[in-house]
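Structure first, then comments.
The values are calculated or read from the model by the stated rules, or taken from the named source; none is laboratory data. All values reported here derive from a predicted model rather than from experimental measurement. Here the Cβ positions follow ideal geometry from the backbone for every residue, glycine too, while neighbour counts run over all protein chains shown. Only protein heavy atoms, including side chains, enter the accessible area calculation; ligands, DNA and RNA are left aside. Shrake-Rupley method; radii C 1.70, N 1.55, O 1.52, S 1.80 Å.
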Amino acid sequence: MTFGERPAYLRVADDLRKKIVDGALLPNTRLPSQARIRQEYGVSDTVALEARKVLMAEGLVEGRSGSGTYVRERPEPRRIARTGYRDPGGSTPFRQEQALSGVRGTWESRSEQEGASAEVAERLGIEPGDRVMRTRYVFREAGEAMMLSTSWEPLALTGRTPVMLPEEGPLGGSGVVERMAAIDIVVDNMAEEVGCRPGLAEELLALGGVPGHTVLTIRRTYFASGRPVETADVVVPADRYRVAYHLPVK
């Protein structure tokens, strides 16, 4: 097989990727062995191995212990809706955003007090080591983990109030805007930064991904008159979900 000027392992990966995308190699089909790749493409074992590594890093194939490398099922990406709108009826932000997609999700959470790291302190406009309430969430859709979130709130604002614990008390689960309003803090702005990176091992374990998979990251901060009152890191598996924004036009 004649190739162009690209590195050999990328050219082999390109051809195998095309076969996967075009359906010549169906999901759960075993990828050609290293020896077969070497013979078919006229390349070395090293090139064949590197080509397989590329496909694994892209999430197109997966290794199965004692069996070989197989084409992965490619899920149709689903939408996670994000919106700046908050219904005054009191339903949680997650429920509102799920409703936009016509589904209903569940979540688990755990809150703990800790000293703010330098990064969290900068985002909240406080000093490193100041006490914050950290809450970790796992959000699920039809029982499948779809999103992780870790939020931090300054205890200088919420400590010793009925809303100190985000998921407990009279306004547990109501969302930042409603909870802050209950202690006379008016949230008037929210900022989100979206990025992507390779998922951390513990994130992929929780989300059902495999090493090398990419995740979408959302860094969210709520403000009241310019003062940060909550900040959070949201993690979403990029191969299964797309983030869609619904924002009011003024």
message: Among the residues that make up segment 191-198, is at least one of them modelled with pLDDT of 90 or more, open to solvent by 30 Å² or more (accessible area, probe 1.4 Å), assigned by the TED database to the domain that holds Ala224 and of a type in the set (Asp, Glu)?
response: yes
Selection count where residues are open to solvent by less than 50 Å² (accessible area, probe 1.4 Å), more than 25 Å from the chain's Cα centre (by Cα) and of a type in the set (Val, Ile, Thr), scope segment 172-186: 2
- request: May I ask you to list the residues in segment 1-53 that are aliphatic (A, V, I, L, M) and in contact with a Phe, Trp or Tyr (Cβ under 7 Å, 6 or more places away or on another chain)?
  value: Met1, Val12, Leu31, Val47, Ala51
message: Give me the residue from segment 125-141 that is touching a residue at least 40 places away in the same chain (Cβ under 8 Å) and surrounded by 18 or more Cβ atoms within 10 Å (Cβ to Cβ) and, out of that set, farthest from Glu168 (Cα to Cα).
response: Glu141
field: Only listed residue being of a type in the set (S, T, N, Q) and touching a Phe, Trp or Tyr at 6+ places or on another chain (Cβ under 6 Å), chosen from Ser149, Ser111, Ser174, Ser117
entry: Ser149
task: Only one of these is touching a residue at least 24 places away in the same chain (Cβ under 8 Å) and out of contact with any His (no Cβ under 7 Å at 6 or more places or on another chain): Glu122, Glu167. Name it.
output: Glu167
- prompt: So, in segment 16-34, of the ones that are in a helix (DSSP H, G or I) and in contact (Cβ under 8 Å) with a residue 12 or more places away in the chain, which residue ends up farthest from Pro237 (Cα to Cα)?
  reply: Gln34
query: How many residues does segment 201-241 contain that are of a type in the set (A, V, I, L, M), open to solvent by 20 Å² or more (accessible area, probe 1.4 Å) and within 12 Å of Leu148 (Cα to Cα)?
result: 3
- prompt: Is there any pair with a first residue in segment 62-73 that is of a type in the set (Lys, Arg) and a second that is part of a strand (DSSP E or B) whose Cβ atoms are under 7 Å apart and which are 6 or more apart or on different chains, and what are they?
  reply: Arg64/Tyr70; Arg72/Val61; Arg72/Glu62
message: Within segment 54-83, take every residue that is assigned to a loop (DSSP other than H, G, I, E, B) and closer than 23 Å to Gly105 by Cβ and give me the one that is farthest from the chain's Cα centre (by Cα).
response: Glu73
- prompt: Within segment 142-158, restricting attention to residues that are open to solvent by 10 Å² or more (accessible area, probe 1.4 Å) and touching a Lys or Arg at 6+ places or on another chain (Cβ under 7 Å), which residue is nearest to Pro237 (Cα to Cα)?
  reply: Thr150
message: Residue under question is Ala191, and the condition is that it be over 30 Å from Arg72 (Cα atoms) and in a strand (DSSP E or B); does it hold?
response: yes
field: Every pair of residues 6+ apart whose Cβ atoms lie under 6 Å, when the first sits in segment 225-245 and is closer than 14 Å to Met190 by Cα while the second is among the polar types (S, T, N, Q) and open to solvent by 20 Å² or more (accessible area, probe 1.4 Å)
entry: Asp233/Thr150
